[in-house]
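The values are calculated or read from the model by the stated rules, or taken from the named source; none is laboratory data. Since this is a predicted model, take the numbers as computed values, not measurements. Backbone-built Cβ (ideal geometry, glycine too); neighbour counts: all protein chains shown. The protein model used for the area step is the full one, side chains on, heavy atoms only, and it has no ligands, DNA or RNA in it. Shrake-Rupley method; radii C 1.70, N 1.55, O 1.52, S 1.80 Å.
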Amino acid sequence: PLHLELTDIQVIRHRGDKEPWLTLSHGVLKLSPWLTLNGKWVVDSLEIQNLKGTIDLQDPLFNSKAEAPSSFESPVRIESVNIASSSVTIIHDKGTLTLGQIEGQLTPQQNSYRAQFQLSQSTLLYDNQEYAIAGIAKGTIFGPVHAPLRLQLEGTELSFNEFKTRVVGTLDFKPISRLNLGIQVDGELSQLNSLHPELQAFNGKLSGQVR
């Protein structure tokens with residue numbers, strides 16, 4: 001199939017920047033030779049290797065006050081995505097989230113996409129306290145990738161400073177945004193002690209579910 005291969009890409013946002021805004025070691029974009037019935041290009045697969053970038057939420061690129069048109073439709077339909085050894089840093093005025101060693105796949109199903117992504121070597125810096133994050137997210141995306149209708153989480157496990165939780169449920173995006181999540185916890189209370197150095201020491205077991 002027709003494909004575009006990219007190697008050692010660097011993107012500079014502003015003239016005079018000392019570091020690139022985004023780097024990509026290797027990427028492959030495979031295109032279908034046929035358009036959809038409504039004239040969209042079809043990306044059979046998108047492979048990303050060692051993508052690194054920074055998103056500053058105060059940057060006008062991500063913080064524009066202009067409203068996006070509600071009727072926008074992407075001219076491209078993406079069938080599958082494979083990401084390996086990638087990382088992104090998200091900067092907010094209240095903290096910094098670094099997602100490191102992202103590994104994952106997005107594969108098409110009938111009227112949906114199956115998603116599985118794994119995180120390691122990730123951190124959240126908030127209120128001068130750093131928290132280690134790791135885990136795996138599994139779920140199904142209903143609707144187009146660029147404008148999903150619903151995300152259904154299945155077997156998502158998250159470790160927050162070694163405090164482990166399991167998340168199940170749904171996130172609805174259209175027609176009304178709605179969150180329906182269940183958080184399952186099963187572990188030692190002593191794990192809570194690692195969340196913040198000023199917490200009083202806990203002992204015992206913790207088990208239950210919050211919705």
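Return the whole-Å distance between the Cα centroid of the range 32-64 and the Cα centroid of the range 151-171.
26
At a probe size of 1.4 Å, how large is the accessible area of Ile83, to the nearest 10 Å²?
Roll a 1.4 Å probe over it and Ile83 shows about 40 Å².
Is there a pair in Lys18/Lys40; Lys52/Lys94; Lys40/Lys94; Lys30/Lys138 whose C-alpha atoms are over 28 Å apart, and which pairs would that be?
Beyond 28 Å: Lys18/Lys40; Lys40/Lys94.
By how many nm would the segment from Gln129 to Leu181 lengthen if fully extended, with 0.36 nm per residue of separation less the alpha-carbon distance?
Difference between extended and current length: 16.1 nm.
Taking every eigenvalue of the Cα gyration tensor of the range 1-132, multiplying by 5 and rooting it, what semi-axes result, largest first, whole Å?
Value: 29, 19, 17 Å, ordered largest first.
Quick one: net charge of Ile78's neighbours, Cβ under 11 Å, K/R +1, D/E -1?
With Lys, Arg at +1 and Asp, Glu at -1, the neighbours total +1.
Calculate the tail of P(r) for the range 19-60: the fraction of all Cα-Cα distances greater than 11 Å, expressed in %.
73
Amide H of Leu149 versus every other amide H placed in the peptide plane: which residues, excluding those fewer than 5 positions away on the same chain, fall under 5 Å?
Sorted by chain and number, the residues that satisfy this are Phe142, Gly143.
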